[in-house]
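The values are calculated or read from the model by the stated rules, or taken from the named source; none is laboratory data. Quick caveat: nothing in here was measured; it's all calculated off a predicted structure. Positions of Cβ are backbone-derived with ideal geometry, glycine not excepted, and every protein chain shown enters the neighbour counts. Quick note on the areas: whole protein, heavy atoms, side chains included, nothing else; ligands and nucleic acids left out. Shrake-Rupley method; radii C 1.70, N 1.55, O 1.52, S 1.80 Å.
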Amino acid sequence: LRADALSERLAAICRDGHGSARFAIAPEQTEREWIAWHDSIGRRVDRLRARRRKPAPTPLVSVCIVHHDRPTLLRRALRSIERQSYPRIEVVLVDDGSRRPESVRMLQRLEPGFRNRGWRIVRQANRYLGAARNEAARHARGKYLLFMDDDNVAKRHEVATFVTAAEATGADVLTCLQDGFASRTAPRSDADVDFRALFLGGATAAGVLRNAYGDANSLVRRASFEAIGGFTEDYGLGFEDWEFFAK
């Protein structure tokens with residue numbers, strides 16, 4: 001860029017004005033093509049799976065759920081895990097200092113079923129999200145950790161899709177698109193979704209300015225999680241998932 005050319009251009013704009021900036025491609029078209037691209041990957045995986053002669057690996061996945069005084073949402077989250085198509089799942093539920101009576105009663109009712117499945121409920125004083133997720137990871141036994149908050153709802157094939165991708169690519173961390181909704185009931189179709197968040201993934205340059213990596217609801221190889229040192233544990237600050245993904 002030459003200084004004289006820039007000077008001339010700025011002078012022309014000051015003299016004549018300039019038009020409004022326009023998208024070269026409409027954002028709606030970009031979103032449609034981005035989603036279609038992800039759909040095409042899923043179809044390729046399905047075709048490869050159909051041609052595979054030996055059974056797909058099924059490593060144990062530890063679903064690490066953090067809960068704090070939202071028993072109704074916790075029930076919904078757990079139902080979505082119980083409906084997963086993937087066969088080898090354990091749940092590590094960390095109650096991060098719940099105090100409401102209905103929360104305490106809910107955990108007590110959950111305990112027998114958890115014991116029967118070999119799942120775990122861990123209680124601790126309120127220490128916030130990063131510390132609670134790290135505590136769940138310490139009790140996990142799986143090759144992979146799937147982090148989930150009590151207001152998340154897992155689609156039926158979430159774990160199976162994550163594991164297939166992780167095993168095929170060797171990726172240490174996998175995130176996904178996110179459908180947002182405000183209702184107490186889980187969406188039954190795309191028509192019930194309020195918004196869809198599209199993440200770039202491992203975009204380090206964009207990740208300096210905003211979380212372009214994904215939501216905390218992600219699959220992480222446990223060995224890699226331990227090597228990085230887990231999440232930061234600053235109370236009340238948030239964004240520990242963004243920091244973790246950046247590392």
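Restricting segment 186-200 to residues that are without any contact (Cβ under 8 Å) to a residue 60 or more places away in the chain and part of a loop (DSSP other than H, G, I, E, B), the residue that is nearest to the chain's Cα centre (by Cα) is F199.
Specify which of the listed residues (V92, V45) is modelled with pLDDT of 95 or more, of a type in the set (A, V, I, L, M, F, W, C) and closer than 22 Å to L146 by Cβ. Break it down stepwise before answering.
Values: V45 fails: modelled with pLDDT of 95 or more.
So the residue among V92, V45 that is modelled with pLDDT of 95 or more, of a type in the set (A, V, I, L, M, F, W, C) and closer than 22 Å to L146 by Cβ is V92.
Between R2, R32, the distinction of being without any contact (Cβ under 8 Å) to a residue 40 or more places away in the chain, open to solvent by 70 Å² or more (accessible area, probe 1.4 Å) and more than 30 Å from A165 (Cα to Cα) belongs to R2 only. Somewhere in segment 55-74, is a residue over 14 Å from D149 (Cβ atoms), among the basic types (K, R) and either modelled with pLDDT under 90 or open to solvent by 70 Å² or more (accessible area, probe 1.4 Å) (or both)? So far as segment 55-74 goes, no, none of its residues is over 14 Å from D149 (Cβ atoms), among the basic types (K, R) and either modelled with pLDDT under 90 or open to solvent by 70 Å² or more (accessible area, probe 1.4 Å) (or both). Hey, any hits in segment 220-235 for a residue that's open to solvent by less than 60 Å² (accessible area, probe 1.4 Å), touching a Pro at 6+ places or on another chain (Cβ under 9 Å) and hydroxyl-bearing (S, T, Y)? Among the residues of segment 220-235, not one is open to solvent by less than 60 Å² (accessible area, probe 1.4 Å), touching a Pro at 6+ places or on another chain (Cβ under 9 Å) and hydroxyl-bearing (S, T, Y), which makes the answer no. Of all residues in segment 204-216, at least one satisfies being surrounded by 15 or more Cβ atoms within 10 Å (Cβ to Cβ), hydrophobic (A, V, I, L, M, F, W, C) and under 23 Å from R127 (Cα atoms).
Just the residues that are under 18 Å from L129 (Cβ atoms) and not basic (K, R), please, taken from segment 74-100. Walk me through it before giving the result.
Taking segment 74-100 and keeping what is under 18 Å from L129 (Cβ atoms), we get 74, 77, 91-99.
Correct list: L74, A77, V91, V92, L93, V94, D95, D96, G97, S98.
Restricting attention to segment 81-103, the residues being in contact with a strand residue (DSSP E or B) (Cβ under 9 Å, 6 or more places away or on another chain) and open to solvent by less than 80 Å² (accessible area, probe 1.4 Å) number 14.
For segment 179-200: of the residues being surrounded by 12 or more Cβ atoms within 10 Å (Cβ to Cβ) and acidic (D, E), which is farthest from N211 (Cα to Cα)?
Residues of segment 179-200 surrounded by 12 or more Cβ atoms within 10 Å (Cβ to Cβ): 179, 181, 186-187, 192-193, 196-200.
Now restrict to residues that are acidic (D, E): 179, 192.
Working: D179: 16, D192: 25 Å.
The qualifying residue farthest from N211 (Cα to Cα) is D192.
Among the residues of segment 166-173, is any among the hydrophobic types (A, V, I, L, M, F, W, C), out of contact with any Pro (no Cβ under 6 Å at 6 or more places or on another chain), within 27 Å of R79 (Cα to Cα) and open to solvent by 40 Å² or more (accessible area, probe 1.4 Å)? Within segment 166-173, one or more residues are among the hydrophobic types (A, V, I, L, M, F, W, C), out of contact with any Pro (no Cβ under 6 Å at 6 or more places or on another chain), within 27 Å of R79 (Cα to Cα) and open to solvent by 40 Å² or more (accessible area, probe 1.4 Å). Residue pairs whose Cβ atoms lie under 6 Å apart, sitting 6 or more positions apart in sequence or on different chains, and linking a residue in segment 221-247 that is in contact (Cβ under 8 Å) with a residue 40 or more places away in the chain to a partner that is among the β-branched types (V, I, T) and surrounded by 12 or more Cβ atoms within 10 Å (Cβ to Cβ), are E240/T232.
So, in segment 110-152, of the ones that are in a strand (DSSP E or B) and of a type in the set (K, R), which residue ends up surrounded by the fewest Cβ atoms within 10 Å (Cβ to Cβ)? Reasoning before the result, please.
Restricting attention to segment 110-152, the residues satisfying the condition of being in a strand (DSSP E or B) are 120-124, 144-149.
Now narrow it down to the ones that are of a type in the set (K, R): 120, 123.
Details: R120: 18, R123: 13.
Looking at the filtered set, the residue picked out is R123.
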